[in-house]
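Chemist: One structure, as structure tokens, below. Some questions next.
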Amino acid sequence: LDLDPCALSEARLNVDHNRLGHRIRLSGQPLEKLSTTYDLILANLRLPTLCAIAPWIALHARPQGHLVVSGFRESESAALHRAYPDHAYTWRWREVQAGWCGAVGQKKPQ
């Protein structure tokens, strides 16, 4: 999902290149229009946006589904964990490169 047509075009090229069109659906719809739940949610966004969409993700991630987030600074990690609290997610992996972070969490069963 991306609202940027250029980003969607690049994503479509990558999906086609990797022959994953049968498994990956791309969309330009706003989050608010989606009502499906997901086993995997990927979000490469800056911290304010990651925090703003945390309630949507909590509602749309299936129990024990995975969340991959990136695009936040190492110094912002504590704020990210407040938005995606440990009582709701088990954080499985975290990597820092040049001050930027990525993390993988799994939603805990309710």
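Chemist: Within the accessible area of the chain, what % is carbon and sulfur when the probe is 1.4 Å and the other protein chains stay in place? Don't skip to the answer; put the middle values down first.
Modeler: On the way: 3990 of 7380 Å².
Summing carbon and sulfur atoms, their accessible area is 54 percent of the total for the chain.
Chemist: Enumerate the amide H contacts of residue 43 below 5 Å, restricted to partners 5 or more residues apart or on another chain; note that Pro and chain-start residues carry no placed amide H.
Modeler: 68, 69, 70
Chemist: Name the residues whose placed amide hydrogens come within less than 5 Å of the amide hydrogen of residue 65, ignoring near sequence neighbours (fewer than 5 apart) on the same chain.
Modeler: 107
Chemist: Let me ask another. DSSP beta bridges in the chain, what fraction antiparallel, as a percent rounded to 5?
Modeler: On the way: 15 of 21 bridges.
Antiparallel: roughly 70 percent of the beta bridges in the chain.
Chemist: Separation between the residue 90 and residue 32 pseudo-spin-labels, each 7 Å from Cα along Cα→Cβ, expressed in nm?
Modeler: Distance between the two pseudo-spin positions: 3.6 nm.
Chemist: Right, another one. Pick out, in residue order, every one of the trypsin sites (Lys or Arg not before Pro) in region 10-110 that is DSSP loop and has at most 10 other C-beta atoms within 10 Å; say none if there are none.
Modeler: Numbers: sites: 12, 19, 23, 25, 33, 46, 73, 82, 92, 94, 107; in loops: 19, 23, 25, 46.
Filter output for region 10-110: 19, 23, 25.
Chemist: If you add up the charges near residue 67, with Lys and Arg at +1 and Asp and Glu at -1, over every other residue whose beta carbon is less than 12 angstrom from its beta carbon, what do you get?
Modeler: Value of the local net charge: +3.
Chemist: Restricting everything to alpha-carbon atoms, can you work out Rg to Rh for the chain with a Kirkwood hydrodynamic radius?
Modeler: Values: Rg = 14.3 Å, Rh = 14.8 Å.
Ratio of gyration radius to Kirkwood radius for the chain: 0.96.
The values are calculated or read from the model by the stated rules, or taken from the named source; none is laboratory data. Just so we're clear, the structure is a prediction, and the values are computed from it rather than from any experiment. Glycine also receives a Cβ, built like all others from the backbone with ideal geometry; neighbour counts cover every protein chain displayed. Surface accessibility is based on the protein's heavy atoms, side chains included, excluding ligands, DNA and RNA. Shrake-Rupley method; radii C 1.70, N 1.55, O 1.52, S 1.80 Å.
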